[in-house]
Amino acid sequence: KAMVCFGNMFIELPKAKTREMLQQDQEELDKEINNLRKELRVKVNRLYEAQGKPELKGFNLNPMSAEEMKLINRILEG
């Protein structure tokens, strides 16, 4: 069993249930972060457009996933 803090109280839950809850929370946070990144790109482009500046180059790039990073590291290591 694992102790989990909810607000100001601790509850003892099975490890499997705790792991599942944490994974779901992490997935929701990842989705929210990605949505905020997309919105930021649009807002920055609008700001630059309003200022009469050219669009930022490379600003629409997406970060590599962990799997892609592993593959790149394998290639670099030889």
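Per-structure values
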item: Mean accessible surface per residue for the range 10-78, computed with a 1.4 Å probe while every protein chain stays in place, in Å²; result: 95 Å²
item: Straight-distance crosslink candidates among lysines, where the alpha carbon sits under 19 Å from residue 38 and sequence neighbours closer than 8 are dropped; result: 57
item: Hydrodynamic radius of the range 38-78 per Kirkwood, over alpha carbon pairs, in Å; result: 12.5 Å
item: Pairwise centroid distance, computed over Cα atoms, of the range 1-28 with the range 41-78, Å; result: 34 Å
item: Spin-label proximity, residue 1 to the range 13-31 - amide N less than 19 Å from point 7 Å beyond Cα toward beta carbon; result: 13-22
item: Against the rule of thumb 2.2 N^0.38 Å, how large the Cα Rg of the range 2-57 comes out; result: 1.95
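The values are calculated or read from the model by the stated rules, or taken from the named source; none is laboratory data. Since this is a predicted model, take the numbers as computed values, not measurements. Methodologically, a virtual Cβ is constructed for each residue, glycine included, from the backbone with ideal geometry; neighbour enumeration extends over all protein chains shown. All accessible areas refer to the heavy atoms of the entire protein, side chains included, with ligands and DNA or RNA removed. Shrake-Rupley method; radii C 1.70, N 1.55, O 1.52, S 1.80 Å.
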